[in-house]
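The values are calculated or read from the model by the stated rules, or taken from the named source; none is laboratory data. Computed from a predicted structure; not experimentally measured. Positions of Cβ are backbone-derived with ideal geometry, glycine not excepted, and every protein chain shown enters the neighbour counts.
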Amino acid sequence: MLLISCPWCGPRDETEFHCGGEAHIARPLDPPALPDAAWAGYVFMRDNPKGWMRERWMHAQGCRRWFNLVRHTVTHEIAGAYLVGAPLPPLPDECP
Amino acid sequence: MADRGTTILDPLAAAIAAASCEEARLSRLPLVGQVTLRAGRDAVSLAGVALDLALPTEPNRVASDGGRAAVWLGPDEWLILLPRGDVASTVARLEMALDGGHFAAVDTSAARLGLALSGPAARQVLAKGCGLDLHPRAFAPGDCAQTALARVPVLLVQRDEAPTFWVFVRPSYAVFLARWLIDAIAELRLAPIPGLDT
Ligand SMILES: [Zn+2]
């Protein structure tokens, strides 16, 4: 069981949350003008890194707010959470 | 006489009364008026003036003035608990004060039923089905949390040092949760075992 710190509510059990996958996927500004391959890229293609990842999570059984989480996909270590719209924190293995 | 109305918990009234013991008292809260307010930060002070009750901006806190309480549900969301007879006038006052802004004030009185759990073992009973740290250093009177109790989404409010907790739950889950609490309290009423218990 992960202990995830909601930026609003503090540490809560993983079961209170819903994971929304990779964060910072920008929706194309003009979908009708997009070739199918580019739309498929937006909808389906994800980085799936082995290591640190920025993810979207939602505190479903608590404040019901979306936020971003930096999590290691192998060790499940959590480096921190940050609000939607906040500046991107560096990943722990990135030089700041 | 408190307004108990007619609720889905009525058939459990006797069982709830029988479950209570000195260590943990379980009861049904009187029906309370509920107004859900969604409004941005800029409307917080306006709404506070209109209600004559400052909305808490610190997460998971409750502001109380005796007869009413404003419960933090989110950075732009509050639940106002108040006498049922005051719901319509309160919604009207909020609509007038916040007119022209981006907000919603809605009567949600039918959305939750309240149970009260009180006594020295109340934390121990809740801990059987709740992952939240309820130790006094982490959760105190005036604190609230939306969390899961026995896997059921609840709004938990600590009222006093007894400690007394209010547990608000969707009516459709209320019977299950009340039965779960009755069962969770049961062991506290067991007779001591000679030679094992002192
Ligand atoms: Zn939260």
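For this structure, a couple of remarks:
- Qualifying residues in segment B:98-133 (those that are acidic (Asp, Glu) and assigned to a loop (DSSP other than H, G, I, E, B)) - the one surrounded by the fewest Cβ atoms within 10 Å (Cβ to Cβ): B:ASP99
- Looking at B:PRO75, B:PRO59, just one residue is within 24 Å of B:GLU161 (Cβ to Cβ), in contact with a Cys (Cβ under 9 Å, 6 or more places away or on another chain) and free of Cβ contacts under 8 Å to residues at least 60 places away in the same chain, and that residue is B:PRO59.
- Only one entry in A:ALA23, A:ALA40 is at pLDDT 95 or above, under 30 Å from B:LEU73 (Cβ atoms) and either more than 16 Å from the ligand (Cβ to nearest atom) or within 14 Å of another protein chain (Cβ to nearest Cβ) (or both), namely A:ALA23.
- Scanning segment B:18-53 for residues that are assigned to a helix (DSSP H, G or I) and in contact with a Ser or Thr (Cβ under 8 Å, 6 or more places away or on another chain) yields B:ARG41, B:VAL44, B:LEU51.
- Candidates B:ALA70, B:ALA116, B:ALA97: the one that is in contact (Cβ under 8 Å) with a residue 24 or more places away in the chain, over 30 Å from B:ARG179 (Cβ atoms) and away from the ligand (no atom under 16 Å from the Cβ) is B:ALA97.
- Some residue of segment B:134-145 being within 16 Å of the ligand (Cβ to nearest atom) and either more than 13 Å from every other protein chain (Cβ to nearest Cβ) or more than 12 Å from the chain's Cα centre (by Cα) (or both): yes
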